[in-house]
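The values are calculated or read from the model by the stated rules, or taken from the named source; none is laboratory data. A quick note: this is a predicted structure, and the numbers were derived from the prediction, not measured. Note: ideal-geometry Cβ built from the backbone for every residue, glycine included; neighbour counts use all protein chains shown. Side chains are part of the model used for accessible areas, which takes the heavy atoms of the whole protein and leaves out ligands, DNA and RNA. Shrake-Rupley method; radii C 1.70, N 1.55, O 1.52, S 1.80 Å.
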Amino acid sequence: MWILGLLITLTVVWALAYRGAGASLWIAALAVGLTTVTLASHITWYVSVPLWLIATALVLLLGVPRIRRHYVTAPLLRQFRKVMPAMSPTEREALEAGTVWWDAELFSGQPHWGRLLRLPRPHLSEEEQAFLDGPTEQLCRMLDDWQITHHERDLPPEVWSFIRSQGFFGLIIPRRYGGKGFSAQAHSAVVIKLASRSIVAAITVMVPNSLGPGKLLLNYGTREQRDYYLPRLARGQEIPCFALTGPDAGSDAGAIPDRGVVCYGDWQGDRVLGVRLNWEKRYITLGPVCTLLGLAFRLYDPDHLLGEQEDRGITLALIPRDTQGVEIGERHIPLDIPFQNGPNRGRDVFVPMSQLIGGDQHIGNGWRMLVECLSEGRAISLPSLSVGAGKLASRYTGAYAAIRQQFGVPIGRFEGIEKPLARIAGLTYQMDAARQLTLGGLDLGEKPSVISAIVKYHLTEKYRQCINDAMDIQGGSGICLGPRNLIGRIYQAIPIAITVEGANILTRNMIIFGQGAVRAHPWVLKEFTAAQNPDRRQGLADFDHALFGHVGFLLGNLARSVFLGLTRGRFSRAPVDGPARRHFQRLNWMSAAFALCADVAMMTLGGSLKRKERLSARLGDILSELYLCSAVLKRFEDQGRPEEDLPLLGWCVDQSLYQMQESFRLLFRNLPWRPLGWLLRLLVFPTGQPFTEPTDRLDHRVAQTVLQPGGARDRLTEGIFITDDPALRQGEFEQAFQQAARVAPIEKTLREARRNGLIQARHPLAQAEEAHAQGLIDDQDLAAMQQMQALRAQVIAVDSFPDYGHRYALDQDLPRSNKVRHIEEAHHVRANKPA
């Protein structure tokens with residue numbers, strides 16, 4: 001009987017925790033349980049009375065707020081203040097910047113999927129689509145990437161003029177200021193299309209529309225600043241840049257040595273109050289050609305002209321290029337991708353207070369302003385560039401694998417090629433889904449700082465994986481630079497995307513979970529705020545509310561993790577029926593497990609978790625994969641559940657679940673107290689670790705989506721520059737790919753004929769001619785094979801260049817010492833030849 005009672009008790013406790021029951025329900029359940037035990041069993045009075053006394057004491061201690069706060073919450077608050085991690089002002093501003101969105105649902109342990117699926121589907125307005133089909137398409141056709149990167153080392157003058165005149169620098173500036181007023185979706189679509197044609201052009205367009213003077217003025221500028229500068233920026237009369245990074249301050253913004261001192265000075269003939277600035281910056285995109293320089297610096301007021309405070313904090317200003325003391329340095333060349341980038345410095349540059357962005361009101365708010373703008377711009381620019389690269393690799397490396405033949409068959413049929421092809425297609429599908437979901441949030445007015453870090457890090461890393469795989473597949477045609485190479489410059493640009501707008505190592509190890517744990521968690525930020533409240537009584541009350549809310553949250557996720565782990569997510573709620581239902585259920589399991597593990601890690605490690613960067617990174621990886629999976633499922637539902645996309649959906653979810661499982665495994669293994677890791681593994685995966693990487697069969701099905709024409713391939717690669725014009729490299733690929741699909745049945749006939757000994761030739765064209773002579777194929781088939789051979793030769797051709805120093809090395813008439821000297825002289829001349 002006692003076993004049955006124990007089981008009933010455990011079931012009731014589990015149900016209350018699973019449902020997140022309040023204190024009244026717990027008290028009621030305790031009273032009912034004790035009454036049942038007392039009346040329905042043979043328990044003696046000297047056992048029952050102590051049980052009732054203990055229960056009464058617990059109810060009074062935990063159920064009466066005044067008693068609980070004095071004897072429980074106050075001691076815990078004192079201990080919490082001791083272990084609470086120190087937080088610099090810049091860290092605090094970063095945490096408070098931006099908004100919390102779908103990341104909070106994932107942190108809750110029980111996401112409300114209906115809210116996700118009810119978000120508007122991504123779409124472009126008629127005006128936005130017309131801009132893509134018109135000026136953006138025209139700009140793509142004007143771009144010759146080899147000429148830009150190898151010969152001119154810059155965009156041609158006519159391209160610069162076109163970008164300015166057509167409003168590419170004013171995509172985000174509202175119409176009332178002469179800009180386009182486009183949505184985040186449209187801004188991203190422009191970048192994707194340009195990136196698939198020229199990385200230099202894409203960067204040139206995306207930077208003024210991302211973190212720069214335009215965005216800062218829109219959000220924080222005074223009316224006078226907006227009225228003057230925004231029209232000039234929109235029509236390209238001003239070319240902006242923003243100077244943040246310096247030699248001694250990169251990721252650590254609080255260490256900015258650049259300083260401005262409040263003083264009086266001369267400005268346009270008048271004696272005015274302003275700031276005298278000294279700075280040194282580098283890596284500034286558009287810096288060499290800018291006419292308006294945005295600047296971050298630390299402002300000081302030693303003469304107390306503004307008030308008592310001397311250190312006024314990080315502040316932002318607008319500096320016209322022609323201001324006395326401004327020095328624009330020479331250009332950096334980032335990995336031979338010659339977008340305009342370089343250093344600048346200022347020596348005793350004076351500007352009036354009216355040049356501070358936002359005026360006096362925003363003095364000292366510069367870091368928060370930057371982080372909030374970065375949370376938007378970082379979610380658009382580099383993710384869009386990454387998606388453009390993935391789409392290009394999916395379409396054209398997939399086409400290459402269908403066209404290029406070895407051993408008489410297209411290389412895409414080899415299992416060794418199918419694996420990286422599937423990875424390219426699957427990661428591109430995932431990247432595009434995450435991009436669209438994030439942009440949807442931005443267009444709803446969100447400023448999701450954690451999610452922007454997720455998409456910046458993971459999409460640029462997946463860009464790296466996609467292009468590395470494309471290089472492996474294309475081999476020599478990928479590494480030989482020239483006009484025929486569609487992926488070489490994109491490959492060279494990978495480290496640029498990885499490094500800028502928050503280096504990926506920093507983003508993964510310190511920002512995603514470090515910021516998400518405080519902002520997206522339903523209780524942690526409330527606990528921090530309460531602990532720092534100078535009003536001790538109110539702080540104690542707030543901490544009491546947050547603490548016991550946190551306890552209920554932890555117990556709920558513990559109960560959900562165990563149940564969902566035992567059932568592997570079955571019986572949990574899913575917002576849809578059909579092929580995606582099981583995926584939603586598994587994500588319910590992983591979300592509850594993540595919330596549990598995050599809480600346990602924070603409770604046991606406290607402030608030291610901030611220094612355990614690799615543990616923080618693994619928790620961030622789980623949160624990121626949950627977000628990426630959410631995006632993939634929403635995309636699939638938004639597009640009407642196309643059956644052709646089922647392999648892509650399955651591949652993405654399987655890959656993410658496996659990555660989550662591996663992150664959990666490494667987290668458990670590396671917790672400082674190993675028994676805690678064993679316990680968490682038992683709670684999260686009580687029936688073992690079920691997830692694996694996508695199977696070979698699934699890889700095959702996903703690879704087929706890019707190896708043959710179809711709706712799945714077109715949806716996957718939609719938005720990049722596509723043309724059938726044979727004068728362009730993309731057009732050569734398109735024609736050869738379509739022809740490869742048409743001749744595939746003929747090639748199958750030829751392979752069977754050779755296998756049966758009917759023909760002997762080894763080369764495909766010779767096989768076709770021999771088969772035609774024997775009547776196995778007709779005239780049309782032979783003509784199709786001849787055309788295919790010509791198109792295939794065009795696609796697999798690579799560039800070569802004359803006079804690249806070889807004539808000295810091959811000069812056999814010179815003594816060896818002379819040959820060496822001539823080679824060295826030739827290299828010296830080329831190395832020192834002016835650009």
Modelled with pLDDT of 95 or more and surrounded by fewer than 24 Cβ atoms within 10 Å (Cβ to Cβ), is that true of ARG484? yes
Check GLY269 against each of (1) modelled with pLDDT under 95; (2) under 41 Å from the mean Cα position of the chain (by Cα) and name the one condition it does not meet. (2)
Among residues belonging to the stretch 487-528 that are among the basic types (Lys, Arg) and surrounded by fewer than 22 Cβ atoms within 10 Å (Cβ to Cβ), point out the one that is modelled with the highest pLDDT. ARG489
Going by what's in this entry, would LYS419 be described as modelled with pLDDT of 95 or more, part of a helix (DSSP H, G or I) and more than 19 Å from the chain's Cα centre (by Cα)? yes
Out of all the residues in the stretch 477-506, which are of a type in the set (D, E, K, R) and under 17 Å from the mean Cα position of the chain (by Cα)? GLU501
Name the residues in the stretch 153-171 that are in contact (Cβ under 8 Å) with a residue 40 or more places away in the chain and open to solvent by 30 Å² or more (accessible area, probe 1.4 Å), would you? ARG153, ASP154, ARG164, SER165
Filter result for the condition that a residue is buried (at least 21 other Cβ atoms within 10 Å of the Cβ), touching an Asp or Glu at 6+ places or on another chain (Cβ under 8 Å) and part of a helix (DSSP H, G or I), over GLY398, GLY426, GLY390, GLY440: GLY390
Of the conditions (1) touching a helix residue (DSSP H, G or I) at 6+ places or on another chain (Cβ under 7 Å); (2) over 24 Å from ASN509 (Cα atoms), SER663 fails just one. Which one is it? (2)
Got a sec? Which of ILE403, ILE467, ILE473, ILE454 is closer than 23 Å to ARG697 by Cβ, among the hydrophobic types (A, V, I, L, M, F, W, C) and either in contact (Cβ under 8 Å) with a residue 24 or more places away in the chain or surrounded by fewer than 21 Cβ atoms within 10 Å (Cβ to Cβ) (or both)? ILE473
Requiring at least 2 residues that are at pLDDT below 85 and over 19 Å from GLY549 (Cβ atoms), the helices (runs of 4 or more DSSP H) wholly within the stretch 66-113 are 74-83, 89-96
Flag if MET1 is closer than 30 Å to SER449 by Cα and modelled with pLDDT under 70: no
Of the conditions (1) polar (S, T, N, Q); (2) touching a residue at least 60 places away in the same chain (Cβ under 8 Å); (3) under 28 Å from ALA793 (Cα atoms), GLN704 satisfies every one except a single condition; which number is it? (2)
For residues that are without any contact (Cβ under 8 Å) to a residue 60 or more places away in the chain and open to solvent by 10 Å² or more (accessible area, probe 1.4 Å), tally how many sit in the stretch 729-738. 2
Take ARG697 and tell me if it is without any contact (Cβ under 8 Å) to a residue 60 or more places away in the chain, open to solvent by 10 Å² or more (accessible area, probe 1.4 Å) and under 27 Å from the mean Cα position of the chain (by Cα). no
What are the residue pairs meeting all of these: first residue in the stretch 74-92, first residue within 24 Å of ASP311 (Cβ to Cβ) and among the small types (Gly, Ala, Ser), second residue modelled with pLDDT of 70 or more and surrounded by fewer than 11 Cβ atoms within 10 Å (Cβ to Cβ), Cβ atoms under 6 Å, and 6 or more apart or on different chains? none
Please go through the stretch 265-291 and pick out each residue that is touching a Lys or Arg at 6+ places or on another chain (Cβ under 6 Å) and β-branched (Val, Ile, Thr). THR291
So, ILE759, is that one closer than 27 Å to GLN405 by Cβ, at pLDDT 95 or above and in a loop (DSSP other than H, G, I, E, B) or not? no
If SER198 passes every condition in (1) open to solvent by less than 20 Å² (accessible area, probe 1.4 Å); (2) farther than 25 Å from SER161 by Cβ; (3) of a type outside the set (Val, Ile, Thr) but one, which one does it miss? (2)
Of the residues in the stretch 658-686, how many are surrounded by fewer than 17 Cβ atoms within 10 Å (Cβ to Cβ), over 14 Å from ALA593 (Cα atoms) and touching a residue at least 60 places away in the same chain (Cβ under 8 Å)? 3
Residues that are in a loop (DSSP other than H, G, I, E, B), aromatic (Phe, Trp, Tyr), over 27 Å from TYR491 (Cα atoms) and out of contact with any strand residue (DSSP E or B) (no Cβ under 7 Å at 6 or more places or on another chain): does the stretch 158-181 have at least one? no
Show the residue pairs meeting these rules: Cβ distance below 7 Å; 6+ apart or different chains; first residue within the stretch 570-599 and open to solvent by 10 Å² or more (accessible area, probe 1.4 Å); second residue hydroxyl-bearing (Ser, Thr, Tyr). GLN585/SER572; ASN588/SER572
Selection from the stretch 463-490 of residues touching a Lys or Arg at 6+ places or on another chain (Cβ under 9 Å) and assigned to a helix (DSSP H, G or I) yields GLN465, CYS466, ASP469, ILE473, GLN474, SER477
For residues in the stretch 529-544 being more than 15 Å from PRO75 (Cα to Cα) and not polar (S, T, N, Q), which is least open to solvent (accessible area, probe 1.4 Å)? ASP535
Got a sec? Which of LEU244, LEU230 is more than 22 Å from ASP145 (Cβ to Cβ) and touching a strand residue (DSSP E or B) at 6+ places or on another chain (Cβ under 8 Å)? LEU244
For the stretch 299-316: of the residues being surrounded by 23 or more Cβ atoms within 10 Å (Cβ to Cβ) and of a type outside the set (Val, Ile, Thr), which is farthest from HIS362 (Cα to Cα)? LEU299
